[in-house]
Ligand SMILES: Cc1cc2nc3c(=O)[nH]c(=O)nc-3n(C[C@H](O)[C@H](O)[C@H](O)COP(=O)(O)O)c2cc1C
């Protein structure tokens, strides 16, 4: 019973939705929908992202040492859903979503996102079934003003 209460309380933590863009040491680019993201330092500007250890994309962050955060807007729930599946890279796109490699890190910047941050992994820690990567912001790009998609806008959730 307490187990269920814990889950219900954890599910109330609000999150923004991003596609984390990754590129492995072998050059494979990919991305996945992510909501366990937070800024953790002003100077230098650093963020953390928690990546599930059994995911293919985990291996790509681990070997590549970089990631991008691609910010999704309130009309992009379908895109968020697409990137919860394992997708293939083909001709400068992942699952049909085009990207360009970030100039600072090479991590994919998805064209549909309204903003991008490029990050270099500077540390990591074990977080149970996830690895928590500490990324230092290396570049930023605002494509258009928008409001970020959050779990308050959609029935999609991650947590509990
Ligand atoms: C709403 C939502 C949020 C998610 N957030 C995260 C997250 O923060 N970290 C994570 O590792 N996976 C998260 N996922 C799961 C990944 O998006 C999913 O496992 C994806 O398929 C991983 O890509 P891969 O199979 O290509 O590695 C989330 C899924 C959903 C539905």
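Against the condition over 14 Å from residue 121 (Cα atoms), in a loop (DSSP other than H, G, I, E, B) and more than 11 Å from the ligand (Cβ to nearest atom), how does residue 26 come out, does it pass?
Criteria met by residue 26.
Which is within 18 Å of residue 61 (Cα to Cα), part of a strand (DSSP E or B) and free of Cβ contacts under 8 Å to residues at least 40 places away in the same chain, of 86, 100?
100
So which residues in segment 144-160 are in contact with a strand residue (DSSP E or B) (Cβ under 7 Å, 6 or more places away or on another chain) and surrounded by 14 or more Cβ atoms within 10 Å (Cβ to Cβ)?
Scanning segment 144-160 gives 146, 148, 149, 150.
Considering only residues of segment 1-23 that are in contact (Cβ under 8 Å) with a residue 12 or more places away in the chain, exposed (fewer than 15 other Cβ atoms within 10 Å of the Cβ) and more than 16 Å from residue 129 (Cβ to Cβ), which is farthest from the ligand (Cβ to nearest atom)?
Looking at the filtered set, the residue picked out is 8.
Condition test on residue 135, is it more than 13 Å from the ligand (Cβ to nearest atom), touching a residue at least 24 places away in the same chain (Cβ under 8 Å) and assigned to a strand (DSSP E or B)?
yes
Filter segment 83-94 down to the residues that are within 12 Å of the ligand (Cβ to nearest atom), more than 15 Å from residue 15 (Cβ to Cβ) and surrounded by fewer than 17 Cβ atoms within 10 Å (Cβ to Cβ) and list them by number.
85, 86, 88, 89
Of all the residues that make up segment 118-132, how many are surrounded by 15 or more Cβ atoms within 10 Å (Cβ to Cβ) and either within 15 Å of the ligand (Cβ to nearest atom) or in a loop (DSSP other than H, G, I, E, B) (or both)?
Matching residues across segment 118-132 total 7.
May I ask you to list the residues in segment 61-75 that are in a loop (DSSP other than H, G, I, E, B) and surrounded by fewer than 21 Cβ atoms within 10 Å (Cβ to Cβ)?
Across segment 61-75, the qualifying residues are 65, 74, 75.
Filter segment 34-55 for residues that are in contact with a strand residue (DSSP E or B) (Cβ under 6 Å, 6 or more places away or on another chain) and free of Cβ contacts under 8 Å to residues at least 60 places away in the same chain; which is nearest to residue 80 (Cα to Cα)?
Only one residue fits best here, namely 34.
Spot the failing condition for residue 112; the list is (1) farther than 13 Å from residue 32 by Cβ; (2) within 13 Å of the ligand (Cβ to nearest atom); (3) touching a helix residue (DSSP H, G or I) at 6+ places or on another chain (Cβ under 7 Å), and only one is missed.
The one condition residue 112 does not meet is (2).
Any chance you could count how many residues in segment 29-60 are more than 10 Å from the ligand (Cβ to nearest atom), within 19 Å of residue 13 (Cα to Cα) and buried (at least 16 other Cβ atoms within 10 Å of the Cβ)?
The total comes to 2.
Laboratory data are not the source of any read-out in this text; all were calculated from the coordinates shown. Just so you know, these numbers come straight off a predicted model, no measurement behind them. We place every Cβ from the backbone using ideal geometry, glycine too, and count neighbours over all the protein chains shown.
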